[in-house]
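K.L.:
Attaching a single structure in structure tokens format; questions to follow.
The values are calculated or read from the model by the stated rules, or taken from the named source; none is laboratory data. Remember, predicted model here, so these are calculated numbers, not experimental data. Counting neighbours? That spans all protein chains shown, and the Cβs are built from the backbone with ideal geometry, glycine included. All accessible areas refer to the heavy atoms of the entire protein, side chains included, with ligands and DNA or RNA removed. Shrake-Rupley method; radii C 1.70, N 1.55, O 1.52, S 1.80 Å.
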Amino acid sequence: RWKPDHTYETLKAGTSRLVCFDRSGEDRRNPFAVQCTSLGNLPRVAQNRKFRAESKTNDEEQAKVMAAEKNGTRVKPEYGSPWINANWPDHKTVRTHTTIAVPGATPQSLGLPDSNKQTGAWVMDGGTSAAHIKLPGQ
């Protein structure tokens, strides 16, 4: 469970490196929002949560992310780690989104396209700490 100071408390230890947490209490999130990722990504999650808490709008939050990327303070995710998000505005509609972190990778270095026009996995934000493989489907 995340605390207001962007640290966390483990509620139940597991046997793998996958950790899941509730995000519904964050500003500008759906009433039901869960994220799962690797334990190695918790410093990046803490930074993300801090940027969101300090921002009034998504654009302002994105500007903080981009500034950290530019000045080299953006925490890098664990290469090859999953990011699994499940969000839903009500109890009837669930939308899941899965990506694999590949910080610094490019479409060329991975041999993947840079858009979803080919109906398969593709690289988004290539060449940045946010580079990730987007998996098709919801």
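K.L.:
Please work out the C-alpha center-to-center distance from segment 94-138 to segment 1-63 and express it in whole Å.
P.N.:
Using only Cα atoms, the two centres lie 21 Å from each other.
K.L.:
Checking the a/c ratio against 1.5 first, then a/b against b/c, what shape does the Cα gyration tensor give for segment 12-103? Walk me through the numbers before you get to the answer.
P.N.:
Details: a/c = 1.90, a/b = 1.12, b/c = 1.70.
Oblate.
K.L.:
Next question, about the same structure. Calculate, in nm to one decimal, what D114 and A67 gain on full extension: separation in residues at 0.36 nm each, minus their alpha carbon distance.
P.N.:
Stretched out fully, the D114 to A67 stretch lengthens by 14.6 nm.
K.L.:
Can you compute the modelled spin-label distance between R29 and R17, with each label point 7 Å from Cα toward Cβ, in nm?
P.N.:
So the two model labels end up 2.3 nm from each other.
K.L.:
OK, next. Between beta-carbons, use under 15 Å as the cut-off and find the net charge around V123, counting Lys and Arg +1, Asp and Glu -1.
P.N.:
0
K.L.:
Sticking with this structure for a sec: Please give me, ordered by residue number, the trypsin sites (Lys or Arg not before Pro) of segment 1-84 that lie in loop per DSSP and have at most 15 other Cβ atoms within 10 Å.
P.N.:
Of the trypsin sites (Lys or Arg not before Pro), the ones in loops of segment 1-84 whose Cβ has at most 15 other Cβ atoms within 10 Å are R1, K12, R17, R28, R29, K56.
K.L.:
Moving to a separate point now. Give the Kirkwood hydrodynamic radius (Å, one decimal) of segment 1-66, defined as one over the mean of 1/r across all pairs of different Cα atoms.
P.N.:
It works out to 12.7 Å.
K.L.:
Hey, another quick one. Give me Rg over Rh for segment 63-106, both radii from the alpha carbons and Rh done the Kirkwood way, two decimal places.
P.N.:
Numbers: Rg = 14.4 Å, Rh = 12.7 Å.
Reported Rg/Rh (Cα atoms, Kirkwood Rh): 1.13.
K.L.:
Let me ask another. Can you find, among S24, S38, Q62, the residue farthest towards the positive end of the dipole of segment 1-84? Put +1 on the C-beta of Lys and Arg, -1 on that of Asp and Glu.
P.N.:
Going by the Cα projections, it comes out as S38.
K.L.:
Using +1 at the C-beta of Lys and Arg and -1 at the C-beta of Asp and Glu, which of W83, A13, G111 has the Cα lying farthest in the positive direction of the dipole of the chain?
P.N.:
In the chain, that residue is A13.
K.L.:
Assuming a ≥ b ≥ c are the square roots of the Cα gyration tensor eigenvalues, decide whether segment 53-138 counts as rounded (a/c under 1.5), prolate (otherwise, with a/b larger than b/c) or oblate.
P.N.:
Values: a/c = 1.97, a/b = 1.02, b/c = 1.94.
Oblate is the answer for segment 53-138, as a/c is 1.5 or above yet b/c matches or exceeds a/b.
K.L.:
Distance in nm between label sites at Y8 and E54, each 7 Å beyond Cα in the beta-carbon direction?
P.N.:
About 2.0 nm separates the two model spin labels.
K.L.:
Separate question: When the accessible area of the chain is computed with all protein chains present and a 1.4 Å probe, what percentage of it is carbon and sulfur?
P.N.:
The value for the chain is 53 percent carbon and sulfur by accessible area.
K.L.:
Just the accessible area per residue of segment 36-112, please: how many Å² with a 1.4 Å probe?
P.N.:
On a per-residue basis, 56 Å².
K.L.:
Rounded, prolate or oblate: which fits segment 36-75 when a ≥ b ≥ c are the square roots of the eigenvalues of the alpha-carbon gyration tensor, with rounded for a/c under 1.5 and prolate only if a/b beats b/c?
P.N.:
Cα axes put segment 36-75 in the oblate bin.
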